[in-house]
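Below is one structure, written out as structure tokens; the observations come after it.
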Amino acid sequence: MRQLLLLRHAKSSWDDPALPDHARPLNARGRRAAQAMAAEMQRLGLTPDVVLVSSARRTLQTMEALRPFEGSPMVTVLDGLYLAPWRGMLETLNEVPDTVRSVLMIGHNPGLHELALELLPPDHPETQALKRLRDAYPTGGLAEFGIAAPWHQLAPAGARLVRYVVPRDLPEATAMANGGEHEG
């Protein structure tokens, strides 16, 4: 069974309206949420073999907060993942070597959310995690999928949702947000 981890970048800053979208950094809340998600991924033993990350500053900073990765995965920064539609993301996954067990893709909505929903088969059990995933894919959200097919055959309805975690689920992120600095 292969593992796909879809991580939306953490919350970014809109403080500088002159800054191009691609160059927007994480804000303080985003940095804290990314660190909390890193701890949760480590606690869950989620160790990707390959990391595919959008070239946007906020996705790169989200990835940096996850480091160090256990097992030193191959990291590939892709311009094509920046605001990519779900079909583009799926095509990128189809190019992953079939020998790879686990992939972490760090990207953007709406494409990431749409990809997560497209991967689910119509007969997927209606779990609480699935209901939450259908409702929203907030910044810093992580969906884990199990995939039976090789990467080159991954297609819509080809995965099972294993878990869905968002920063507000994590005590560390909630405690940091409640006790952290004010963000205007």
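The values are calculated or read from the model by the stated rules, or taken from the named source; none is laboratory data. Since this is a predicted model, take the numbers as computed values, not measurements. Every residue, glycine among them, receives a Cβ derived from its backbone with ideal geometry; neighbour counts consider all protein chains shown.
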Quiz item: Tell me, which residue of the stretch 99-129 that is farther than 13 Å from Leu52 by Cα and either in contact with a Cys (Cβ under 7 Å, 6 or more places away or on another chain) or of a type in the set (S, T, N, Q) (or both) is surrounded by the most Cβ atoms within 10 Å (Cβ to Cβ)?
Solution: Asn109
Quiz item: Has the stretch 57-69 got at least one residue that is charged (D, E, K, R), part of a helix (DSSP H, G or I) and surrounded by 14 or more Cβ atoms within 10 Å (Cβ to Cβ)?
Solution: yes
Practice problem: Would you mention how many residues in the stretch 1-30 are under 29 Å from Ala155 (Cα atoms) and surrounded by fewer than 22 Cβ atoms within 10 Å (Cβ to Cβ)? | Solution: 5
Quiz item: Looking only at the stretch 70-98, which residues are within 19 Å of Gly140 (Cα to Cα) and loosely packed, with under 13 Cβ neighbours inside 10 Å?
Solution: Pro85
Quiz prompt | Test: residue in the stretch 37-56 that is at pLDDT 95 or above, closer than 21 Å to Val162 by Cα, small (Gly, Ala, Ser) and touching a Phe, Trp or Tyr at 6+ places or on another chain (Cβ under 6 Å) | solution = no
Quiz item: Is it fair to say Arg132 is surrounded by 13 or more Cβ atoms within 10 Å (Cβ to Cβ), touching a residue at least 24 places away in the same chain (Cβ under 8 Å) and of a type in the set (Lys, Arg)?
Solution: yes
Exercise. Return a yes/no flag: does the stretch 23-36 have any residue that is modelled with pLDDT of 95 or more, part of a loop (DSSP other than H, G, I, E, B) and either at positive phi or among the hydrophobic types (A, V, I, L, M, F, W, C) (or both).
Key: no
Quiz item: Could you count how many residues in the stretch 80-130 are part of a helix (DSSP H, G or I) and either within 19 Å of Ala155 (Cα to Cα) or at pLDDT 95 or above (or both)?
Solution: 21
